Structures are given as C-alpha cells and as structure tokens.
Amino acid sequence: MPAQTRELTPAEFHLAEKIWEQYRGQKADPAKERIFAVFDNGNLAATARFTRHPDGNEMDCVFSLDEYRGKGYARKVVQALIDACGQEAIYIHSTLVLISFYKTFGWYPIPEKQLPKSIRERFVFCFGEMEGCNVCPMKRDAG
C-alpha cells in the first residue's frame with residue numbers, strides 16, 4: 001500500500017500529539033491549526049502543522065518518526081501543507097541544516113525582525129540571536 005498524504009481532521013489531532021511526544025511534546029489547537037500527515041501502511045509517519053497567528057501564518061512540527069525517515073515523507077507533508085495553505089505567506093523557523101530543504105519549496109531567509117511579533121516571540125529564549133540557537137527565520141510568499 002503506497003503512503004497516503006492528507007489533512008487530519010480535528011478528531012485525529014491526538015494522533016499527531018502522540019508522535020510529537022518525541023518532538024518537544026507539542027500540543028494541537030483545532031481552533032487555529034491545520035495538521036497534514038503522511039500515513040505508511042495506516043500508521044502516522046510524518047506531520048506538518050499550519051498555525052494561524054493574529055499577525056501571520058506559521059509552519060512547524062515538520063517531523064518524521066525515526067523508522068520512517070529517508071522515505072521523502074517530510075517533503076510530501078510539506079507539499080501537502082503548501083498545496084492547501086500556500087495562497088498566504090507562511091513563516092518558519094528552520095534549523096540551519098534544513099535551510100536548503102525549505103528553499104526548494106520557496107522559503108527564503110529573512111532577518112529576525114521581519115517575523116510577525118507573535119511568531120518571533122515563540123523564540124524569545126534566543127535573545128535576538130536565532131542563529132546562535134541553530135535557527136533561521138524564513139518566509140514563503142503567498143502563491
């Protein structure tokens with residue numbers, strides 16, 4: 001059975017939260033989030049989350065379980081998110097090693113001060129020096 005990529009329903013958000021236990025223990029909020037997933041033989045293998053903040057949109061929680069890495073699932077789930085939400089600008093915090101991966105989807109590095117305030121504040125622990133925290137702010141323009 002080939003891998004299936006689709007958006008989770010809010011009733012399925014607990015599936016993402018379960019695998020996010022291995023990824024910083026993230027929680028989902030159906031009121032402002034959409035979660036995209038890849039299923040491998042019926043098992044949730046990878047996720048990407050779109051969050052609508054008051055002043056901008058963010059993608060995060062791009063995560064593949066260890067046993068499913070190397071199969072292109074991160075690429076599939078990010079593309080699904082873009083297909084559904086890419087008509088609007090989307091910001092991300094990329095780890096430095098993944099900048100080139102996100103560039104293939106149209107994201108480009110931006111100065112930290114260009115992030116919407118609510119998104120920038122999520123990384124306040126970096127004290128204005130995201131690169132020192134192994135993070136690069138990026139933006140993908142609408143369309």
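What follows draws every value from the coordinates through simple rules; no lab data is involved. Computed from a predicted structure; not experimentally measured. Here the Cβ positions follow ideal geometry from the backbone for every residue, glycine too, while neighbour counts run over all protein chains shown.
So, in region 72-84, exactly how many residues are under 13 Å from the mean Cα position of the chain (by Cα) and acidic (D, E)?
0
Within region 1-33, can you find the residues that are assigned to a strand (DSSP E or B), crowded, with 18+ Cβ neighbours inside 10 Å and either among the charged types (D, E, K, R) or touching an Asp or Glu at 6+ places or on another chain (Cβ under 7 Å) (or both)?
Within region 1-33, just E33 meets the criteria.
Within the bounds of region 58-71, is there any residue that is of a type in the set (K, R), surrounded by 14 or more Cβ atoms within 10 Å (Cβ to Cβ) and within 15 Å of the chain's Cα centre (by Cα)?
no
Can you tell me how many residues in region 58-89 are part of a helix (DSSP H, G or I) and either of a type in the set (S, T, Y) or touching a Cys at 6+ places or on another chain (Cβ under 8 Å) (or both)?
Count: 2.
Looking at region 37-48, I want the residues that are over 11 Å from L65 (Cα atoms) and have a partner that is in a strand (DSSP E or B) and among the aromatic types (F, W, Y) with Cβ atoms under 7 Å, at least 6 apart or on another chain. Which pairs are those?
A48/F36
Identify all residues within region 86-122 that are surrounded by fewer than 17 Cβ atoms within 10 Å (Cβ to Cβ) and aromatic (F, W, Y); write none if there are none.
F101, Y108
When region 90-119 is examined, which residues are found to be within 21 Å of F63 (Cα to Cα) and outside any helix (DSSP H, G or I)?
Across region 90-119, the qualifying residues are I90, Y91, I92, H93, S94, T95, T104, F105, G106, W107, Y108, P109.
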